[in-house]
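The values are calculated or read from the model by the stated rules, or taken from the named source; none is laboratory data. Being a predicted model, the structure only gives us computed values, none of them experimental. Every residue, glycine among them, receives a Cβ derived from its backbone with ideal geometry; neighbour counts consider all protein chains shown.
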């Protein structure tokens, strides 16, 4: 992704404001943040996913357009509902934000309709501070030297030990908080394990509906419901969507990393938080340093 960095800094340097791009439009489709791109000269859409550790390419896009791309080796992908070995591709020619570049190690991931070509994950987000204005569907990129988000952060956020994923603390009731991955690729609300729902009394006291949920690798049956309250940063929210794996289903939601050669363990991460919460806010996230600010955008 080094050339992606060069690409984006080229945009930043041309901005009227040093270190900050102009506001760029994105679209929200089924809760996913998408930006226009071309791959091998073919117009398509790329998904921006803070919850992905890799960059991905859609096999449906490849097959539809009969692309002959350079294949790399296999890599193991751990999705929410399963683990699979996937093919990778190198030297994929793209045009993003008006600049030509190539990407390597793009993992074959099902991204739905063939117009969705790419998924950009951690390697993309680490390069700069990003602002996502969900209500107005606009975004901009800021260089790290132009904004010290640690002085403005208003939510407890860290980089998860081991994975480097952005994790935030969310309050579910008075005195009860959990750590969740901040996941723009999750088009639902919160996704947590059944034991979290059981401890909170949601299983016994809230009506639930079953549905099929799709992860990066496989799908699973989940139960979906809405909880009366949670606190996200400085904001209290009501009627928030929650999904849990159905009885007997497994999910890769709970993880705890320990630092090598020490007894210091990372936060106990118990799920994901996504679109149904993020859609109300202007999110500013420094993926590299583990800081975030949650705000209300101005009306466009």
(message) From the list 188, 164, exactly one residue is modelled with pLDDT under 95, assigned by TED's automatic domain parsing to the domain that holds residue 239 and on the phi > 0 side of the Ramachandran plot. Which is it?
(response) 164
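Listed here are the residues, each with its yes/no results for (1) under 20 Å from the mean Cα position of the chain (by Cα); (2) farther than 30 Å from residue 106 by Cα; (3) at pLDDT 80 or above; (4) in the same structural domain as residue 165 (by TED's automatic domain parsing).
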site	(1), (2), (3), (4)
215	yes, no, no, yes
219	yes, no, no, yes
234	no, yes, yes, yes
237	no, yes, yes, yes
242	yes, yes, yes, yes
248	no, yes, no, yes
255	yes, no, no, yes
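Going by the structure shown, is residue 94 part of a strand (DSSP E or B), farther than 30 Å from residue 148 by Cβ and not assigned by TED's automatic domain parsing to the domain that holds residue 166? Before you say what the answer is, go through the steps one by one.
Details: part of a strand (DSSP E or B): yes; farther than 30 Å from residue 148 by Cβ: yes; not assigned by TED's automatic domain parsing to the domain that holds residue 166: yes.
Yes; evaluated as a whole, the condition is true for this residue.
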(request) Would you be able to say whether some residue in the stretch 194-201 is surrounded by fewer than 21 Cβ atoms within 10 Å (Cβ to Cβ), closer than 24 Å to residue 84 by Cα and touching a residue at least 12 places away in the same chain (Cβ under 8 Å)? (result) yes
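If we keep just the residues of the stretch 69-82 that are within 21 Å of the chain's Cα centre (by Cα) and surrounded by 13 or more Cβ atoms within 10 Å (Cβ to Cβ), which is modelled with the lowest pLDDT? I'd like the intermediate steps shown before the answer.
Residues of the stretch 69-82 that are within 21 Å of the chain's Cα centre (by Cα), as a first pass: 75-82.
Add one more test, that the residue is surrounded by 13 or more Cβ atoms within 10 Å (Cβ to Cβ), and what stays is 75, 77-82.
Details: 75: 83, 77: 74, 78: 67, 79: 60, 80: 59, 81: 54, 82: 62.
Residue satisfying both the conditions and the ranking: 81.
The rows are residues; the columns are (1) in contact with a helix residue (DSSP H, G or I) (Cβ under 8 Å, 6 or more places away or on another chain); (2) under 11 Å from residue 54 (Cβ atoms); (3) surrounded by 15 or more Cβ atoms within 10 Å (Cβ to Cβ).
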{"site": "84", "(1), (2), (3)": "no, no, yes"}
{"site": "87", "(1), (2), (3)": "no, no, yes"}
{"site": "96", "(1), (2), (3)": "yes, no, yes"}
{"site": "102", "(1), (2), (3)": "yes, no, no"}
{"site": "107", "(1), (2), (3)": "no, yes, yes"}
{"site": "111", "(1), (2), (3)": "yes, no, yes"}
{"site": "116", "(1), (2), (3)": "yes, no, yes"}
{"site": "119", "(1), (2), (3)": "no, yes, yes"}
{"site": "124", "(1), (2), (3)": "yes, yes, yes"}
